[in-house]
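The values are calculated or read from the model by the stated rules, or taken from the named source; none is laboratory data. Quantities reported herein were computed from a predicted structural model and do not represent experimental measurements. Cβ: placed from backbone, ideal geometry, glycine included. Neighbour counts: every protein chain shown. Calculation scope for accessible area: heavy atoms of the full protein, side chains included, ligands and nucleic acids excluded. Shrake-Rupley method; radii C 1.70, N 1.55, O 1.52, S 1.80 Å.
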Amino acid sequence: MNTKIEFIDLKAQYTALKESINARIQRVLDHGQYIMGPEVRELETRLEEYIGAKHCITVASGTEALLISLMALGLRPGDEVITTPFTFVATAEVIALVGAVPVFVDVQPDSCNIDPSLIEAAITSKTKAIIPVSLYGQASDMDEINAIAARHGNIPVIEDAAQSFGATYKGRKSCNLSQIGCTSFFPSKTLGCYGDGGAIFTSDDALAKAMREIRVHGQERRYYHTRVGVGGRMDTLQCAVVLAKLDSFDWEVEQRIAAGKRYLELLSAIPSITPLAVRSDRTCVWGQFTIQVAGRDSVLEKLKVAGVPTAVHYPVPLHRQPAYQANCRISGALTNSDAVASRVVSLPMHPYIDLATQEIIVRAVAGAVAA
Ligand SMILES: Cc1ncc(COP(=O)(O)O)c(C=O)c1O
């Protein structure tokens with residue numbers, strides 16, 4: 001009963017999938033095409049089918065996926081991009097990298113996703129994109145956001161789906177809910193590789209062509225550069241790892257959803273914690289299983305003593321980060337973002353977590369919030 005609780009158990013996953021992962025890696029070692037080998041296109045085709053978008057462009061990371069998307073849309077210095085301050089820094093970082101200004105709009109306190117009712121007030125003639133983040137594994141209110149974007153001259157909407165790969169929204173897959181969807185294959189993500197990786201999804205042919213060129217230094221063919229690009233390819237070995245994991249991904253998503261349900265049931269006995277509100281028209285794949293508590297720092301300390309690993313996603317909203325404070329525009333009050341940033345705690349979550357472990361964790365949470 002004294003086994004160590006893992007926050008994310010990549011070892012259990014590797015043990016389960018060892019044969020196919022090793023075989024896939026060996027195949028790449030045998031053919032030796034480490035950059036743009038056959039696994040790259042094979043993965044893109046498989047992911048196009050899985051997500052339902054016309055094009056998948058694999059890239060070096062989730063950050064690169066967002067950056068290449070903004071570059072393909074032709075973002076220029078001085079443009080504005082509306083997003084949430086309650087996200088991983090990469091969402092705003094890419095906006096700053098193209099010289100544009102992140103415009104922060106508050107989140108809903110129960111889903112922690114951007115509040116669509118506040119977006120319209122943030123739109124100006126400089127608004128060139130909206131980046132909703134499907135935080136913790138649950139899609140944002142994409143239909144409402146797409147409708148607002150359409151009303152204002154078809155502002156491009158990029159879903160930052162780094163944490164929600166595998167989730168559904170009204171029966172459709174996250175990454176295919178707006179003009180562009182971006183995801184990450186960082187090892188801890190729902191579909192992770194063994195290094196850095198990411199993908200962009202779109203059904204727009206012209207954008208897909210631009211993205212493919214930007215990914216490889218803006219070249220249309222070797223050494224003929226039609227636009228400014230980046231070195232943004234996902235390498236063949238990482239594509240091979242994702243291909244090996246893809247076969248059991250649906251099963252893993254089911255396990256995540258079941259584990260999330262078990263947590264919600266167990267935690268319902270503790271009135272002082274607030275779990276994430278999952279909307280009835282979508283599934284959450286629990287990229288993070290995050291709850292809100294009062295007195296967060298003392299809860300974290302007590303959970304550490306109890307042997308429960310935790311994380312805080314994220315302690316400081318981006319409008320309060322030194323790098324962005326002076327380089328952003330704040331639209332309306334960001335009170336919910338400030339409040340949730342002071343209350344969130346992520347608990348261990350992965351497809352291989354079992355009921356007994358979750359019971360131990362929830363008992364520790366009950367003790368930590370009661371003390
Ligand atoms: C919401 C969000 N956006 C973007 C990223 C960036 O992805 P990557 O780490 O693959 O660059 C992440 C991953 O950490 C993320 O969680």
Residue in the stretch 12-31 that is within 16 Å of the ligand (Cβ to nearest atom), surrounded by 12 or more Cβ atoms within 10 Å (Cβ to Cβ) and touching a residue at least 24 places away in the same chain (Cβ under 8 Å) present: no
What single numbered condition from (1) away from the ligand (no atom under 16 Å from the Cβ); (2) closer than 28 Å to T168 by Cα fails to hold for G367? (2)
Quickly run through the stretch 270-300 and pick out the residues that are acidic (D, E) and touching a residue at least 24 places away in the same chain (Cβ under 8 Å). D281
G52 - would you say it is in contact with a strand residue (DSSP E or B) (Cβ under 7 Å, 6 or more places away or on another chain), surrounded by fewer than 19 Cβ atoms within 10 Å (Cβ to Cβ), in contact (Cβ under 8 Å) with a residue 60 or more places away in the chain and closer than 25 Å to K170 by Cα? yes
The helices (runs of 4 or more DSSP H) lying wholly within the stretch 1-104 that contain at least 1 residues that are under 20 Å from L246 (Cβ atoms) and among the β-branched types (V, I, T) are 10-31, 38-51
Is there a residue being away from the ligand (no atom under 16 Å from the Cβ), at pLDDT 95 or above, more than 20 Å from Q325 (Cβ to Cβ) and not basic (K, R) anywhere in the stretch 80-93? no
Which residues, taken from the stretch 142-170, are among the acidic types (D, E) and either within 15 Å of the ligand (Cβ to nearest atom) or touching a residue at least 40 places away in the same chain (Cβ under 8 Å) (or both)? E159, D160
Determine, yes or no, whether Y324 is of a type outside the set (S, T, N, Q) and crowded, with 19+ Cβ neighbours inside 10 Å. yes
Exactly one of (1) part of a strand (DSSP E or B); (2) more than 15 Å from the ligand (Cβ to nearest atom); (3) out of contact with any Leu (no Cβ under 6 Å at 6 or more places or on another chain) is unmet by K128. Its number? (3)
Inspect all residues belonging to the stretch 154-168 and state whether any of them is charged (D, E, K, R) and within 27 Å of C328 (Cβ to Cβ). yes
When you look at E64, is it farther than 15 Å from I330 by Cα and buried (at least 22 other Cβ atoms within 10 Å of the Cβ), yes or no? yes
Hey, any hits in the stretch 235-256 for a residue that's open to solvent by 60 Å² or more (accessible area, probe 1.4 Å), of a type in the set (A, V, I, L, M) and either in a loop (DSSP other than H, G, I, E, B) or touching a Ser or Thr at 6+ places or on another chain (Cβ under 9 Å) (or both)? no
Step by step: first the residues of the stretch 160-177, then only those that are in a loop (DSSP other than H, G, I, E, B) and surrounded by fewer than 24 Cβ atoms within 10 Å (Cβ to Cβ), then the one that is nearest to the chain's Cα centre (by Cα). Which residue is that? N176
State whether one or more residues within the stretch 97-107 are within 12 Å of the ligand (Cβ to nearest atom) and either in contact with a His (Cβ under 8 Å, 6 or more places away or on another chain) or at pLDDT 95 or above (or both). no
